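J.: Questions regarding the structure given below will be posed in turn.
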Amino acid sequence: MAVPFKTLVRRGRMLSGMMKPRIKVLTLAVEDLNRSLAFYRDGLGLRTDGVIGQEFEEGAVVFFELANDMILALYPAASLSKDAKIVATKARLGAVSIGHIVKSKHDVDALVRDARRAKAVVTDPPKDRFWGGYSAYFHDPDGHLWEVAWNPAWTVADRAVECGVGLTEGAVTG
C-alpha cells in the first residue's frame with residue numbers, strides 16, 4: 001500500500017531517490033526530424049537553434065525552451081528506440097495528449113489556424129467544452145495529440161520567457 005508523501009515527511013522517512021514533483025523535458029519521438037522541426041518552428045512559432053548533436057551517432061535532436069523552465073525535445077524515433085532499448089511503435093495516437101493553455105478563446109482559434117496551416121490534422125475543432133472552457137485538438141506530423149485550451153479558472157502569465165534558444169508564452173499561474 002502506498003504511503004502519501006505528507007505522511008512520509010511527518011514520519012521523518014524520505015526515500016533517497018524520491019521523484020520530485022516536476023517535469024523538465026518532454027521528448028517526442030519523430031519519424032522525420034527536419035519535418036517536425038519545420039512544423040514546430042515555422043508553423044507554430046517556437047524558437048530553437050535547430051538540429052544539434054549531429055556529431056554523435058544517434059545524437060541529432062531539437063530543443064525548444066518553453067515557459068517555466070520546460071523543454072520540448074524532438075528526437076528521431078529510431079534513436080530513441082536504440083537509446084532506451086525499446087521497440088519503437090508507430091501507434092502514438094490517443095495514448096497521451098499534450099496541453100497548451102492560452103489566454104482566450106480567440107487564442108485557441110488563432111493557434112489552431114496556425115497548426116492547420118502547418119499541416120496539423122485537426123481532430124476536434126475549437127468549441128465550448130462541458131467543463132466550462134474552450135478547446136481544440138490536433139495531431140502534429142507524427143501523430144502526437146495536442147490540446148489547445150482556454151480555461152476560465154486558470155490565468156496565463158503575460159510574460160514571455162526568453163532563454164538561450166527559445167521564446168514561448170503560456171505559463172499557467174493559477
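J.: What would the Debye equation give as log₁₀ I(q)/I(0) for region 63-123 at q = 0.14, 0.28 Å⁻¹, counting only Cα atoms as equal point scatterers?
T.: Log10 of I(q)/I(0), two decimals: -0.63, -1.22.
J.: Can you pull the one-decimal nm distance between simple spin-label points at Asp49 and Lys20, each 7 Å off the Cα toward Cβ?
T.: Taking the simple label geometry, Asp49 and Lys20 are separated by 2.3 nm.
J.: What do you get for Rg/Rh over region 18-85 if you use C-alpha atoms and the Kirkwood form of Rh?
T.: Radius of gyration relative to Kirkwood radius: 0.99.
J.: 7 Å from Cα along Cα→Cβ at both Ala78 and Ala38: what's the point-to-point distance in nm?
T.: 1.9
J.: Sticking with the crude label model, points 7 Å out along Cα→Cβ, report the distance from Thr155 to Phe130 in nm, one decimal please.
T.: Simple spin-label model gives 3.0 nm for this pair.
J.: Then there is this: Among Ser81, Ser135, which comes first, then next, by fewest other beta-carbon atoms within 10 Å?
T.: Lowest count first: Ser81, Ser135.
Readers should treat all values here as calculations from the given coordinates under stated rules, not as data from a laboratory. In this text, all values refer to a predicted model and were calculated from it rather than measured experimentally. All Cβ positions, glycine included, derive from the backbone under ideal geometry; neighbour counts span all protein chains shown.
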